């Protein structure tokens, strides 16, 4: 009488993420941003991905979360300008110990224009860059690519 499966047309990027989540290693999405409103909006944007989402407000909280995750694969959405330990320092730390952080793919999220991000070293250690305000489709595409 009723079909058990309902077909939903998802954007291509989101459909690929959902397929990957169902068939591959589980990823945690980490949102590291000192602005609580930005964290809330990003969380709302990406709830539909059915990923575990963790939020942190500064670099120290992020380092504590890395310990808790214990090498578990993650996609990190990282604001560069945070109090305590900023995003630049987090990237330097991750670059200094690639074996420990090799399952974390970093997408830099910053209010800075791209000229501020024109640092050769940073491009070696991050997966992608997105400027605030974010474009949801662009973020989903980067997350999708990071899964592959």
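A short reminder: the numbers here are calculations on the coordinates, not readings from a lab. Just so you know, these numbers come straight off a predicted model, no measurement behind them. Glycine also receives a Cβ, built like all others from the backbone with ideal geometry; neighbour counts cover every protein chain displayed.
Based on the alpha carbon coordinates of segment 29-148, what radius of gyration and maximum Cα-Cα distance (Dmax) apply, in Å?
Both quantities, over Cα of segment 29-148: 13.1, 34 Å.
At what distance in angstrom do the alpha carbon centres of segment 134-148 and segment 76-97 lie from each other?
20 Å
Tell me, rounded to the nearest percent, the portion of alpha carbon pairs in segment 26-68 spaced more than 12 Å apart.
On the way: 513 of 903 pairs.
So the pairs more than 12 Å apart make up 57 percent of the total in segment 26-68.
Ranked by Cβ crowding within 10 angstrom, fewest neighbours first, how are 144, 106, 28 ordered? Please list the in-between numbers first.
Details: 144 20, 106 24, 28 17.
So the ranking, lowest neighbour count to highest, is 28, 144, 106.
Compute the distance in nm between two label points, each set 7 Å from the Cα along the Cα-to-Cβ direction, one at residue 131 and one at residue 47.
Modelled inter-label distance: 3.0 nm.
What full-extension length gain, to one decimal in nm, is calculated for residue 64 and residue 35 as 0.36 nm per residue of separation minus the Cα-Cα distance?
Details: separation 29, 0.36 × 29 = 10.44 nm, distance 1.86 nm.
Once the chain is fully extended between residue 64 and residue 35, it gains 8.6 nm.
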